[in-house]
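As structure tokens, the structure follows; a few thoughts come after it.
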Amino acid sequence: MMHRPPAHTLGASQILHVPPLLAAAAGASLAFSMPSVGMAQSPAALQDPASTDAVLLQPQVTLKAARRVVAAALAEAQRHDWRIGVAVVDASGELVAFERSDGAQAITTAVAQGKARTAALLKAPSKEFEDFINSGRPSFLSTPGVTALEGGVPLRWQGQVIGAVGVSGAHGPRDTQVAERAAAALLAQP
């Protein structure tokens, strides 16, 4: 058995963070030593993805930022007396945060998550996919994991999609309005 130092003593170039669901499913630790074969080990190399062909870094929305986005969406909906579900997902479309207004329809839970996932995976508003379907390409409805309804908006940071927000319950353009307001809160100072 190979001895590994505790995670808190590892350098930044030696820690690989595994998403919690994956770690739980695999029974893995959240941090472990990365193999050195064919991989750059310096922190500078990890900051420059072009310096290695073994690692691709993808910034992700944080839980703190996701909560700020959710709060902004709920505040915008409350100003109009709309009852919504709002979901924030990471760049892979996996759920980071979700809330549903009191009185919102139960279906808003799944629909908001679907809209957010669509925007994250396509790196574009979910309305673009809805428009694509409505322009005579219904076979694309069989695309796995996407929801062809407007109300999903990508979250961008330094030009990269780091997640998305999806809103359901205010209906169509109003869902998009709330999602866009919420996305703008991402870069607002807490």
Practice prompt. Could you check region 1-117 for helices (runs of 4 or more DSSP H) lying wholly inside it with 1 or more residues that are at pLDDT below 95?
Written response: 20-26, 43-47
Practice prompt. Return the pairs, sorted by first residue and then second, in which the second residue is among the aromatic types (F, W, Y) and not in a helix (DSSP H, G or I), the first residue lies in region 69-89 and is closer than 14 Å to A104 by Cα and touching a residue at least 12 places away in the same chain (Cβ under 8 Å), the beta carbons are less than 9 Å apart, and the residues are 6+ apart or on different chains.
Written response: G85/F98; V86/F98; A87/F98
Worksheet item: Here is a list of conditions, (1) under 21 Å from T109 (Cβ atoms); (2) assigned to a helix (DSSP H, G or I); (3) not hydrophobic (A, V, I, L, M, F, W, C), and G163 meets all of them except one; can you say which number that is?
Response: (2)
Worksheet entry | Any pair with Cβ under 6 angstrom, 6 or more apart, that starts in region 144-159 at a residue that is within 19 Å of A183 (Cα to Cα) and ends at one that is assigned to a strand (DSSP E or B) and of a type in the set (V, I, T) | G151/V167; V153/V165; P154/V161; L155/I162
Discussion item. Between Q113, Q105, Q158, Q78, which is surrounded by fewer than 22 Cβ atoms within 10 Å (Cβ to Cβ), within 17 Å of the chain's Cα centre (by Cα) and not aliphatic (A, V, I, L, M)?
Written reply: Q158
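The values are calculated or read from the model by the stated rules, or taken from the named source; none is laboratory data. Values in this document were obtained by computation on a predicted structure and should not be read as measured data. Every residue, glycine as well, gets a Cβ built from its backbone with ideal geometry; the counts of neighbours run over all protein chains shown.
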